[in-house]
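Right, one structure below, let's go through it.
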Amino acid sequence: MMQKLRNKIPVYYENREAMENPAKYLEGLSIHLSDIIEAKERMTRFSGIIRTLFAETSDGIIESPLVSAFNLQKQYFVGMKGKLYLKLDSHLAVAGSIKARGGIYEVLKVTESILNEHSVKISEDHLGEIRSCLKDYTLSVASTGNLGLSIGIMSKALGFNAIVHMSKEAKQWKKDRLIRKGVQVIEHDGDFTFAAKMGREQALKNSHEHFVDDENSKDLFLGYAVAALRIKEQFESLDIHITDNQKLYLYLPCGVGGSPGGITFGFKHIFGENVKCYFAEPTNCPSMLMGVMTKKFGSLNVNDYGIDNKTRLDGLAVASPSNFVAPMMEKLCDGFYTVEDDDMYRYLYYLKKSENIKIEPSAAAGIPGVKHTGNMDKEGYHIIWTTGGLFVPDDIYDRMYREGECLCHQK
Ligand SMILES: *Cc1c(COP(=O)(O)O)cnc(C)c1O
């Protein structure tokens, strides 16, 4: 396995340490189901404000559709036994990616504690007062792009000063979008881990600055986990029933691990033994896979194995996994697979062709999961989590689409 990883050959690593029945393990952790419920309630408390700031959310709850991927399945997964679905976090309002879950939740959590301290009411009728209170505070974050968008857009809308430390692979259009919104963007000539270190250090110098720490944040994690509570209603409306014979399978793109980890944590609480969760990483930075496999967790750096962390899947360009998430995933994540960049452009194209859905390349990593994990013969419900894409400018998307088309014809 290690030889294949070093040679950047796509692999599937079945995690034999994963708990068949996770209930007991979950009980022993320091965060619980009650924390996820509390996070969901906090989001609801802010729904009036979010509806006022972002009319596109309509009810002030930022949630994505769950849709059938019937055409994708019919055309590209011939012989698959189960039913294929897409969870379209690529279309989440406000941030345009899965980061709308964790990132925005952490902003709301910080906001609530500052407003409580100043006895300012959390209500859309007090937005002026809220903004004048928050203008003395700064929210900062380090990001390969999408987390910056989520934290930057939300914190700026509420009245914070916002600083985003961008790693070198962050796309220019993401930086531009933030700058247009009045967010201060600081560019670093290093990878995500480096940008995070710089951001963390700078934030320590300002007592009114909160740094959103993607590698260690419990709040980000809980924000992602809320997805599991919300999906129950979507299952009901689609007449999906998860049982011992019709299990649930999730395919989740993984960067530092906060989003797939939080979602896995939430789903294992709700569906127990009947959900299997798989993480997808680029062959050029299989950081969570290796962190769990070697049990080095957050101290693993793929560079130490001659893997260069260079990938065009920018949300996934992470050399070290979260040290907070990785040990939990040793017990909760059922398997890991790696994907090649070129294939993600192919899947970006397939998804558009078959379902007319626009995603960014990193968000395609979940698509081949059913094949790579050997689950083609598993009955039940297979959900591909598409994690970003809404805000990709049309001209840039068109270029990626055409590249995917070319690659498909070459193969
Ligand atoms: C951030 C991101 C991921 C991975 O999330 P992590 O919390 O870093 O593991 C996957 N896809 C997209 C599009 C992202 O922006």
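The values are calculated or read from the model by the stated rules, or taken from the named source; none is laboratory data. Quick caveat, the model's predicted, so the values are computed rather than measured. Ideal geometry is used to build each Cβ from the backbone, glycine not excepted, and the neighbour counts take in all protein chains shown. To get the accessible areas, we keep the full protein, side chains included, count just its heavy atoms, and leave off ligands, DNA and RNA. Shrake-Rupley method; radii C 1.70, N 1.55, O 1.52, S 1.80 Å.
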When (1) closer than 29 Å to residue 358 by Cβ; (2) over 21 Å from the mean Cα position of the chain (by Cα); (3) of a type outside the set (Lys, Arg) are applied to residue 68, the one that fails is (2)
Scanning region 90-137 for residues that are within 16 Å of residue 154 (Cβ to Cβ) and acidic (Asp, Glu) gives 106, 112, 124
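Yes or no, residue by residue, for (1) more than 11 Å from the ligand (Cβ to nearest atom); (2) touching a residue at least 24 places away in the same chain (Cβ under 8 Å); (3) farther than 17 Å from residue 402 by Cα; (4) in a helix (DSSP H, G or I):
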site: 318; (1), (2), (3), (4): no, yes, yes, no
site: 327; (1), (2), (3), (4): yes, yes, yes, yes
site: 338; (1), (2), (3), (4): yes, yes, yes, no
site: 347; (1), (2), (3), (4): yes, yes, no, yes
site: 358; (1), (2), (3), (4): yes, yes, no, no
Across region 371-385, the tally of residues that are crowded, with 24+ Cβ neighbours inside 10 Å and either more than 16 Å from the ligand (Cβ to nearest atom) or part of a loop (DSSP other than H, G, I, E, B) (or both) stands at 1
Residues in region 268-284 that are over 17 Å from the mean Cα position of the chain (by Cα) and of a type in the set (Gly, Ala, Ser) total 1
The residue from 284, 309, 301 that alone is of a type in the set (S, T, N, Q) and at pLDDT below 95 is 309
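For region 361-411, how many residues meet the condition of being under 30 Å from residue 14 (Cα atoms) and within 17 Å of the chain's Cα centre (by Cα)? Don't jump to the end; show me each part of the working.
First, pick out the residues of region 361-411 that are under 30 Å from residue 14 (Cα atoms): 361-389, 404, 407-408, 411.
If we keep only those that are within 17 Å of the chain's Cα centre (by Cα) too, we end up with 361-367, 369, 383-389.
The number of residues fulfilling the criteria is 15.
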Exactly one of 199, 190, 258 is surrounded by 18 or more Cβ atoms within 10 Å (Cβ to Cβ) and either among the β-branched types (Val, Ile, Thr) or over 19 Å from the mean Cα position of the chain (by Cα) (or both), and that residue is 199
For region 270-301, the count of residues that are surrounded by fewer than 24 Cβ atoms within 10 Å (Cβ to Cβ) and either outside the structural domain of residue 18 (by TED's automatic domain parsing) or in a helix (DSSP H, G or I) (or both) equals 9
When region 21-36 is checked residue by residue, the ones that are open to solvent by 40 Å² or more (accessible area, probe 1.4 Å), at pLDDT 95 or above and not charged (D, E, K, R) are 23, 25, 28, 30, 32, 33, 34
Sole miss for residue 265 among (1) in a strand (DSSP E or B); (2) under 14 Å from the mean Cα position of the chain (by Cα) is condition (1)
Checking 404, 388 in turn, the sole residue that is within 13 Å of the ligand (Cβ to nearest atom), more than 20 Å from residue 246 (Cα to Cα) and open to solvent by less than 10 Å² (accessible area, probe 1.4 Å) turns out to be 388
Looking at the structure I just gave you, is residue 151 more than 10 Å from the ligand (Cβ to nearest atom), β-branched (Val, Ile, Thr) and open to solvent by less than 20 Å² (accessible area, probe 1.4 Å)?
yes
Of the residues in region 360-370, those that are crowded, with 24+ Cβ neighbours inside 10 Å and either in a loop (DSSP other than H, G, I, E, B) or in contact with a Leu (Cβ under 6 Å, 6 or more places away or on another chain) (or both) come to 360, 361, 362, 364, 365, 366, 367
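Can you tell me which residue within region 203-245, out of those that are among the polar types (S, T, N, Q) and open to solvent by 70 Å² or more (accessible area, probe 1.4 Å), is nearest to residue 99 (Cα to Cα)?
Among residues in region 203-245 that are among the polar types (S, T, N, Q) and open to solvent by 70 Å² or more (accessible area, probe 1.4 Å), the one nearest to residue 99 (Cα to Cα) is 216.
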If you go through 58, 113, the only one that is open to solvent by 20 Å² or more (accessible area, probe 1.4 Å) and modelled with pLDDT under 95 is 58
Please tell me if residue 304 is in a loop (DSSP other than H, G, I, E, B), open to solvent by 10 Å² or more (accessible area, probe 1.4 Å) and either of a type in the set (D, E, K, R) or more than 19 Å from residue 24 (Cα to Cα) (or both).
no
Taking region 243-261 and keeping only residues that are away from the ligand (no atom under 16 Å from the Cβ) and in contact (Cβ under 8 Å) with a residue 40 or more places away in the chain, one is left with 245, 246, 247, 248, 249
Among 128, 102, the single one that is touching a residue at least 60 places away in the same chain (Cβ under 8 Å) and more than 19 Å from residue 356 (Cα to Cα) is 102
